[in-house]
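J.: Below is one structure. I have some questions about it.
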Amino acid sequence: MNVRLRNPSRTVQIQGGRSVAKLLNELGLNRETVLVIRNGTLVPGDGFLEDCDEVELRPVISGGAA
Amino acid sequence: MKCRVCRGPAIIDVRRHNANFCVEHFIEQCERQVTKAIDAFSMIAPGERVLVAVSGGKDSLALWDLLHRLGHHAEGLYLGLGIGEYSDESGVYARDFAAARGLVLHEVDLRRDYGYDVPRAAAATRRVPCSACGLSKRHLFDEVARQGNFDVVATGHNLDDEAAVLFGNVLRWQTEYLARQMPVLPAGNGFPRKVKPLVRLSEREMAAYCIVTGIDYQVEECPMAAGNSHLGYKEALNSIEERSPGTKHDFYFGFLDRAAEAFREGLAQDAAALSSCRDCGAPTPSDRCAFCRLVERSGGRLPEHDGHDPATATGTPVILGRRERP
Ligand code: SF4
Ligand SMILES: [Zn+2]
Ligand SMILES: [Zn+2]
């Protein structure tokens, strides 16, 4: 599947379908800090991502201190 | 995963509430949390005019949307900070959001209206950009609120923001800051009330809210934020949260319930009467406010005063800083 990451914006290729939780784990991402989006909708932690999916992992942490 | 309310398929898990929600019930949950915060801290009374500080990011747009949904009279204020592409883009998100909903968006542009921008102010003061930026924001929110007769200024600080600020203040035992860290600052001394209606919602929930309600927001981060300590505190708290959901909430609300009062007792009485800044009229303890000094040091200029009194009750945009005489 194609996985789009942000900040900076880039796309990585991942072979084979797997659950959201597994994908985040493999990429070392904290589930508190990202959302998984497929076709404009959110995929929950137990959702399954197919090999043919286009997925976005969107970080949700903003950095302004003011 | 099933929605806690309707047992339909869930789109998000909110682990600190041990609950999953479908789109409809997640939106309802966000509305309920905002209402709860507003009521618990008497943030906004019915019929009050609210000025929302809008950056074009997820939190401020979600806040504006939620206040609007909940029936509050909320107008937006966008500040052009002059931080390169980031600022150009963020303005587009704010304007598009307002236009699509027919909401009033006020705008102040630091460069156009005051002849400086955040990078220049940071260089001139030799401090981190966020400090000049924060000073400018606070001053201009107050000023526009005053001129537009707004009762309250609302900002999009969420649970993660407040917990991270608290964490930083505790690590350094900044007792004065701890005494003042509240989700609502009462009006007084010529300043409008300041409220943070999103304190019961996490950053992840605000991003999710935007996605499920179709709010297009700026995902790219302000380039000035990279590597600051605030981000480090968020990271630390989130790694604890991952293992024990609810920690951020307990940390922040436990502080408000059981500790904040103790810090307030130690707070020096700063009832010293404020005078008016000789240049802009803002309340200040000295004869010139910190904002006017910042503008001068950054090589900017203040708009001339001409007694211009912007329209108020009609909701006509306050045009600040464009007060050149014909
Ligand atoms: S990160 Fe700092 S400089 Fe950037 S908008 Fe936020 S406060 Fe301003
Ligand atoms: Zn439901
Ligand atoms: Zn001033």
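The values are calculated or read from the model by the stated rules, or taken from the named source; none is laboratory data. All of these numbers come straight from a predicted model, not from anything done at the bench. Here the Cβ is made from the backbone with ideal geometry for all residues, glycine too, and neighbour counts use every protein chain on show. Surface accessibility is based on the protein's heavy atoms, side chains included, excluding ligands, DNA and RNA. Shrake-Rupley method; radii C 1.70, N 1.55, O 1.52, S 1.80 Å.
J.: Please tell me if B:Leu302 is more than 16 Å from ligand 2 (Cβ to nearest atom), modelled with pLDDT under 95, in a loop (DSSP other than H, G, I, E, B) and closer than 24 Å to B:Phe150 by Cα.
T.: On the way: more than 16 Å from ligand 2 (Cβ to nearest atom): yes; modelled with pLDDT under 95: yes; in a loop (DSSP other than H, G, I, E, B): yes; closer than 24 Å to B:Phe150 by Cα: yes.
The answer is yes for B:Leu302.
J.: Can you pull out the residues in region B:123-163 that are among the aliphatic types (A, V, I, L, M), away from ligand 3 (no atom under 16 Å from the Cβ) and in contact with a Phe, Trp or Tyr (Cβ under 7 Å, 6 or more places away or on another chain)?
T.: B:Val153, B:Leu159, B:Ala163, listed by residue number.
J.: Still on this model: The conditions are (1) more than 14 Å from chain A (Cβ to nearest Cβ); (2) open to solvent by 20 Å² or more (accessible area, probe 1.4 Å); (3) of a type in the set (D, E, K, R), and B:Glu89 fails exactly one of them. Which is it?
T.: Only one criterion in (1) more than 14 Å from chain A (Cβ to nearest Cβ); (2) open to solvent by 20 Å² or more (accessible area, probe 1.4 Å); (3) of a type in the set (D, E, K, R) is unmet by B:Glu89, namely (1).
J.: Of the residues A:Val60, A:Val34, which is open to solvent by less than 40 Å² (accessible area, probe 1.4 Å), closer than 19 Å to B:Asp13 by Cα, within 10 Å of chain B (Cβ to nearest Cβ) and within 16 Å of ligand 1 (Cβ to nearest atom)?
T.: Exactly one residue qualifies, and that residue is A:Val60.
J.: Would you check which residues across region B:221-248 are part of a loop (DSSP other than H, G, I, E, B) and more than 9 Å from every other protein chain (Cβ to nearest Cβ) and list them?
T.: B:Ser244, B:Gly246
J.: If you don't mind, there's one more thing I want to ask. Take the residues of region B:29-49 that are over 19 Å from B:Glu203 (Cβ atoms) and surrounded by 14 or more Cβ atoms within 10 Å (Cβ to Cβ): which is nearest to ligand 2 (Cβ to nearest atom)?
T.: In this case the residue turns out to be B:Thr35.
J.: If I filter region B:5-28 down to residues being over 15 Å from A:Asp46 (Cβ atoms) and buried (at least 16 other Cβ atoms within 10 Å of the Cβ), which single residue comes out as farthest from ligand 3 (Cβ to nearest atom)?
T.: B:Val5
J.: Return the only residue of B:Leu267, B:Leu274, B:Leu256 being surrounded by fewer than 18 Cβ atoms within 10 Å (Cβ to Cβ) and in contact with a strand residue (DSSP E or B) (Cβ under 6 Å, 6 or more places away or on another chain).
T.: When all the criteria are applied, what remains is B:Leu274.
J.: State all residues of region A:1-31 that are within 13 Å of another protein chain (Cβ to nearest Cβ) and within 23 Å of B:Met206 (Cβ to Cβ); if no residue qualifies, say none.
T.: Once the filter is applied, which keeps residues that are within 13 Å of another protein chain (Cβ to nearest Cβ) and within 23 Å of B:Met206 (Cβ to Cβ), region A:1-31 yields A:Arg4, A:Leu5, A:Arg6, A:Asn7, A:Pro8, A:Ser9, A:Val20, A:Ala21, A:Leu24, A:Leu29, A:Asn30, A:Arg31.
J.: Here's something else I'd like to know. Of everything in region B:114-137, what is without any contact (Cβ under 8 Å) to a residue 60 or more places away in the chain and among the basic types (Lys, Arg)? Give them in sequence order.
T.: B:Arg126, B:Arg127
Let's see how each residue does on (1) within 10 Å of chain A (Cβ to nearest Cβ); (2) open to solvent by 60 Å² or more (accessible area, probe 1.4 Å); (3) in contact with a strand residue (DSSP E or B) (Cβ under 8 Å, 6 or more places away or on another chain):
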| position | (1), (2), (3) |
| --- | --- |
| B:Gln174 | no, yes, no |
| B:Ala179 | no, no, no |
| B:Gly188 | no, no, no |
| B:Phe191 | no, yes, yes |
| B:Leu198 | no, no, no |
| B:Thr213 | no, no, no |
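J.: Name the residue, out of B:Ala121, B:Ala94, B:Ala132, B:Ala145, that is over 30 Å from A:Thr33 (Cα atoms), assigned to a helix (DSSP H, G or I), within 16 Å of ligand 1 (Cβ to nearest atom) and not polar (S, T, N, Q).
T.: Values: B:Ala94 fails: over 30 Å from A:Thr33 (Cα atoms); B:Ala132 fails: over 30 Å from A:Thr33 (Cα atoms); B:Ala145 fails: within 16 Å of ligand 1 (Cβ to nearest atom).
B:Ala121 is the lone residue from the list that is over 30 Å from A:Thr33 (Cα atoms), assigned to a helix (DSSP H, G or I), within 16 Å of ligand 1 (Cβ to nearest atom) and not polar (S, T, N, Q).
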